[in-house]
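Have a look at the structure below before the remarks.
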Amino acid sequence: MPHTASKRYAVVSCHVERPLDDRVWARFARLQARRPGGFRIAALLRPPDRDAGEDARTWISRARQAASQGPLGHHTHWGGPEAARPPAGSQEEPAARVRREAAWFREAGLEPRLFCGGGWYLDSGVAEALGELGYADCTATAFAPAYLSDGAARGALRSPAWLRLGAGRLLELPTTHSLGAAARAAIDPRPIRLEVVHVYFHDTDLLDGRRRLALRAALAILGRRRRPTDLEQLADEVSRSAPEVELASVLLGGARTAPDAAVHFP
């Protein structure tokens, strides 16, 4: 993907998991409006959980506010607000939950184009559902999440690619850097050897003053070292030239490094 790589893009997303917490939301909304480093931060929101009594009206209002400031995405917690990954013995298949929540988004008048699975969970059924919904996915990572076991279902990829499915394909925009990794990379003088840098953080990170400062500093530096864009614009750009790879090569359950989809440029 030489055209995209030569532009050295960077994007930022937030896993918005507590949009109904007034303190958390205020911190996130303020940061998103300020666009640190020139970044339009994508809000990947967990839908309100009816069983947990979460207020859908307030949630929708805040989701619309986030969508006015940057890309809107769908973030699923498979076991409810406090359980990011699918719980053992769940009666609902992960792909069915994605479809159900996507239908709720549409009924609420919201049209997210992006998706990220809670706990980085990804399987073939979920990938098929995402492809059908026309989402661009951000669940695959360029790193191995330390808290996951080697056998945990997840996706691994280092650069954007189309994933070939049974009946269609899914655009994957992998997440490459946590907040801490982004802070370290920003001050490292060596080139970041990735085609696209995709930094993610959680809305709750913003309650910690040190993490908040580290994020703002990292994005300010990264915005000078790379061309800031947003996930929707990136999806439009790479969709024309991203390579295709087999879904099976991305769904890993024990590898500690992610496979390459294309040549990496310094």
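The values are calculated or read from the model by the stated rules, or taken from the named source; none is laboratory data. Just so it is clear, the model here is predicted, and its values are computed rather than measured. Counting neighbours? That spans all protein chains shown, and the Cβs are built from the backbone with ideal geometry, glycine included.
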Taking into account only those residues within the range 2-19 that are surrounded by fewer than 22 Cβ atoms within 10 Å (Cβ to Cβ), at pLDDT 70 or above and touching an Asp or Glu at 6+ places or on another chain (Cβ under 7 Å), which is nearest to Glu232 (Cα to Cα)? Glu17
Could you check how many residues of the range 58-72 are surrounded by fewer than 20 Cβ atoms within 10 Å (Cβ to Cβ), in contact (Cβ under 8 Å) with a residue 12 or more places away in the chain and either touching a Cys at 6+ places or on another chain (Cβ under 7 Å) or not in a helix (DSSP H, G or I) (or both)? 1
Tell me which residues, restricted to the range 163-194, are in contact (Cβ under 8 Å) with a residue 60 or more places away in the chain, touching a strand residue (DSSP E or B) at 6+ places or on another chain (Cβ under 8 Å) and of a type outside the set (A, V, I, L, M). Arg164, Arg169, Glu172, Pro174, Thr175
Those residues of the range 91-133 that are among the hydroxyl-bearing types (Ser, Thr, Tyr) and closer than 17 Å to Leu45 by Cα come to a total of 1
Could you list, in sequence order, the residues of the range 198-252 that are hydrophobic (A, V, I, L, M, F, W, C) and not in a helix (DSSP H, G or I)? Val199, Phe201, Ala242, Val245, Leu251, Leu252
Scanning for something without any contact (Cβ under 8 Å) to a residue 40 or more places away in the chain and surrounded by 22 or more Cβ atoms within 10 Å (Cβ to Cβ), does the range 103-113 turn up at least one residue? no
Tell me yes or no: at least one residue of the range 81-95 is of a type in the set (S, T, N, Q) and either within 15 Å of the chain's Cα centre (by Cα) or in a loop (DSSP other than H, G, I, E, B) (or both). yes
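Conditions tested, residue by residue: (1) touching a Cys at 6+ places or on another chain (Cβ under 6 Å); (2) within 14 Å of Leu194 (Cβ to Cβ); (3) at pLDDT 95 or above; (4) among the aliphatic types (A, V, I, L, M).
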position	(1), (2), (3), (4)
Ala127	no, no, yes, yes
Arg154	no, no, yes, no
Ala167	no, no, no, yes
Leu170	no, no, yes, yes
Gly180	no, no, yes, no
For the range 38-57, the count of residues that are within 13 Å of Phe201 (Cβ to Cβ) and not in a loop (DSSP other than H, G, I, E, B) equals 3
Do you know which of the residues in the range 36-57 that are surrounded by fewer than 22 Cβ atoms within 10 Å (Cβ to Cβ) and in contact (Cβ under 8 Å) with a residue 40 or more places away in the chain is nearest to the chain's Cα centre (by Cα)? Arg40
When restricted to Leu110, Leu133, Leu170, Leu179, the only residue over 17 Å from Leu234 (Cα atoms), among the hydrophobic types (A, V, I, L, M, F, W, C) and in contact with an Asp or Glu (Cβ under 7 Å, 6 or more places away or on another chain) is Leu179
The residue from Leu231, Leu171, Leu148, Leu194 that alone is among the hydrophobic types (A, V, I, L, M, F, W, C) and surrounded by fewer than 18 Cβ atoms within 10 Å (Cβ to Cβ) is Leu148
Of everything in the range 26-35 that's under 18 Å from the mean Cα position of the chain (by Cα) and in a helix (DSSP H, G or I), which residue is nearest to Gly70 (Cα to Cα)? Gln32
So Trp78 fits all but one of (1) assigned to a loop (DSSP other than H, G, I, E, B); (2) at pLDDT 95 or above; what number is the exception? (2)
Tyr147 fails exactly one of (1) outside any loop (DSSP other than H, G, I, E, B); (2) at negative phi, namely (1)
